[in-house]
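Participant: Just passing along the structure, written as structure tokens.
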Amino acid sequence: MRARVERLSEEGFGEAKVGKKIILVPFTSPGDVVEIKRWHREKKRFVAHDYEIVEFSPDRVEPACQYFGRCGGCLLQHIPYKEQIKFKEEKIARLLNVEVEVLPSPKIYGHRNRIDVATTTSGIGFRRRGTWWDVVEIEECKVFGENSKKALGALREFIEDFKIQLWDLKRSEGFLRYIVLREGKFTDELMVNLVTSAGELPEEVSRYFDFADSLYWSINETKSDVSYGEPRKAWGMEFIREKLDGVTYLIHPNSFFQTNSYQAVNLLKKVAEFVEGEKVLDLYSGVGTFGIYLAKRGFKVEGVEINPFAVEMAKRNAEINNVEAEFRVGADKDVESLNLYDTVIVDPPRAGLHPRLIGKILNDLPANLVYVSCNPKTFAENIEKLKGEYSVEGIIGLDMFPHTPHVELIAKLSLKNEL
């Protein structure tokens with residue numbers, strides 16, 4: 001059946017109406033005419049998996065990446081970047097019933113500071129969209145930058161020379177599972193982390209990656225398809241560094257860090273702009289990304305984070321920046337009273353705030369909240385539960401993830417009786 005793509009869905013797929021059905025068509029643009037041959041039900045929606053674009057929209061642009069349309073990493077490279085921003089603004093407006101400006105990323109290629117590349121019998125690259133068992137073979141990643149080509153070339157040479165066994169996704173067996181690349185965009189420091197199952201990695205591996213500032217070998221002994229493990233051996237620097245607006249952060253293979261360094265600078269500035277008072281509680285404080293930035297600007301910061309390793313990294317980051325900030329291991333329930341702080345910052349995972357934390361906020365009623373979210377849907381749900389006691393004083397979107405449907409939100413909430 002032929003149909004015209006009318007608009008993009010919230011997840012960035014083209015929506016085509018076929019009879020009474022709305023069928024989602026990946027990698028298409030409003031105005032494209034598609035011939036849909038087969039589709040299937042996927043999470044309560046219909047998704048085309050055998051289709052052809054028979055007439056291209058005049059508004060499309062040429063993707064920079066040769067793997068676009070097969071690799072599942074980017075969905076929107078064919079959409080002009082201004083239209084990507086407009087799409088994200090419209091998406092937020094539908095969810096929040098308010099217009100929100102989305103700040104474009106300073107760079108839209110070479111912006112990612114981390115990529116996790118699967119090393120499998122199906123190929124060395126990223127998952128083919130809609131599959132867990134198939135991989136699109138790549139030689140480089142445009143959203144990471146030039147070092148991806150150098151690192152993947154060295155990896156293939158190493159694999160060939162030493163006949164390294166690759167991971168079989170369907171059987172969950174093999175040796176080499178992932179190569180994870182991390183880069184300090186403002187320091188030009190590169191980390192390579194090879195993630196394997198149990199076994200022995202030839203010592204000569206370090207010669208193949210002599211261009212990297214830090215090389216790690218990590219082991220994942222489980223069957224879980226995850227791109228991290230317990231570090232077994234390291235060559236070169238223990239950490240690489242990233243520098244954001246004058247603040248230096250140490251990055252370890254198992255550290256979480258904002259993946260777009262250029263836009264992370266704007267994220268930090270906006271969070272600081274929304275903070276009120278002097279005493280700040282940073283919940284979900286991670287490696288101290290917000291807390292240390294604020295402490296360097298004179299705020300008294302206390303960070304609470306459930307991951308002990310992240311807390312250790314936050315303390316190291318505070319030390320190298322010569323700032324006083326307290327970070328401790330704990331959950332949201334471990335904070336005695338939220339109203340002891342002038343501002344509470346929350347930056348939860350995609351699932352949003354735990355109902356228990358929402359209850360604690362509504363019980364303690366801290367005067368100011370700064371809510372950082374990578375999921376507008378759960379953000380909207382959480383705000384709805386808080387709006388009886390809080391007013392949204394400011395909200396801004398940041399495009400941390402060009403060419404994807406994802407967007408970051410930062411909101412300032414103030415207690416109504418404090419206004």
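The values are calculated or read from the model by the stated rules, or taken from the named source; none is laboratory data. Values in this document were obtained by computation on a predicted structure and should not be read as measured data. Note that each Cβ is placed from the backbone with ideal geometry, even for glycine, and that neighbours are counted across all protein chains shown. Protein only, heavy atoms only, side chains kept; ligands, DNA and RNA dropped before computing areas. Shrake-Rupley method; radii C 1.70, N 1.55, O 1.52, S 1.80 Å.
Participant: About the Cα centre, and with charges only on the beta carbon of Lys, Arg (+1) and Asp, Glu (-1), how big is the dipole of the range 243-383? Nearest 20 debye, please. Provide the component values of the computation, followed by the final result.
Facilitator: Numbers: 15 positive and 18 negative charges, 75 e Å.
It works out to roughly 360 debye.
Participant: I'd like the antiparallel share, as a percent to the nearest 5, of DSSP beta bridges with both residues in the range 127-205.
Facilitator: 90
Participant: Sticking with this one: What are the trypsin sites (Lys or Arg not before Pro) within the range 198-303 that DSSP puts in a loop, where the Cβ has at most 12 other Cβ atoms within 10 Å?
Facilitator: In loop regions of the range 198-303 (DSSP not H, G, I, E or B), the sparsely surrounded trypsin sites (Lys or Arg not before Pro) are 223.
Participant: More than 18 angstrom separation, counting every C-alpha pair in the range 271-380; what % is that?
Facilitator: Counting every Cα pair in the range 271-380, those more than 18 Å apart make up 45 percent.
Participant: List the relative contact order of the range 49-208 as a percent without decimals, with contacts defined as Cα pairs under 8 Å and 6+ residues apart.
Facilitator: 18
Participant: In addition: Looking at the chain only, what percent of DSSP beta bridges run antiparallel? Nearest 5 please.
Facilitator: 70
Participant: Could you tell me the ratio Rg/Rh of the chain? Both radii from Cα atoms, Rh via Kirkwood.
Facilitator: 0.98
Participant: Using Cα pairs under 8 angstrom and six or more residues apart, how large is the relative contact order of the chain, in percent?
Facilitator: 12
Participant: Mind giving me the nanometre distance, one decimal, between the label points for residue 139 and residue 363, set 7 Å out from Cα along Cα→Cβ?
Facilitator: 6.0
Participant: Can you list, largest first and rounded to whole Å, the semi-axes you get for the range 92-136 by taking the square root of 5 times each eigenvalue of its Cα gyration tensor? Walk me through the numbers on the way to the answer.
Facilitator: Values: eigenvalues 222, 57, 8 Å².
They are 33, 17, 7 Å, listed from largest to smallest.
Participant: Give the cross-link partners of residue 149 among the lysines, using a straight C-alpha distance below 23 Å as the criterion and excluding same-chain residues fewer than 8 apart.
Facilitator: Reachable lysines: 107, 163, 185.
Participant: I've got another one for you. Which of 78, 46, 24 sits farthest toward the positive end of the charge dipole of the range 5-111, with +1 on the Cβ of Lys and Arg and -1 on the Cβ of Asp and Glu?
Facilitator: Positive-most Cα among the choices belongs to 46.
Participant: Given Cβ point charges of +1 (Lys, Arg) and -1 (Asp, Glu) and nothing else, what value in debye, to the nearest 20, does the dipole of the range 1-153 about its Cα centre take?
Facilitator: Using Cβ point charges on Lys, Arg, Asp and Glu, the range 1-153 gives about 480 debye.
Participant: Let me ask something else about it. So what's the back-of-envelope 222 nm ellipticity for the chain, counting only DSSP H runs of four-plus at -39500 (n - 2.57) apiece and dividing by all residues, rounded to 500? Walk me through the numbers before you get to the answer.
Facilitator: On the way: 8 runs with 92 residues, N = 419.
Computed ellipticity for the chain at 222 nm equals -6500 deg cm²/dmol.
Participant: List the aspartates and glutamates whose alpha-carbon lies under 16 Å from that of residue 44, not counting same-chain residues fewer than 8 positions away?
Facilitator: Result set, ordered by chain and number: 10, 11, 15.
Participant: While we're here: For the range 1-126, with every protein chain kept in place, what is the accessible area per residue (1.4 Å probe, Å²)? Before the final figure, lay out the partial values.
Facilitator: Numbers: 6510 Å² over 126 residues.
Averaged over the residues of the range 1-126, the accessible area is 52 Å².
Participant: Under 14 Å from the 7 Å Cα→Cβ point of residue 204, by amide nitrogen: which residues of the range 164-179?
Facilitator: 164
Participant: Here's a follow-up. Among the listed pairs 37/170; 88/360; 91/387; 243/296; 91/270, give every one whose C-alpha distance is greater than 23 Å. If you can, show how the numbers build up before the last one.
Facilitator: Numbers: 37/170 27 Å; 88/360 31 Å; 91/387 21 Å; 243/296 13 Å; 91/270 21 Å.
Exceeds cut-off: 37/170; 88/360.
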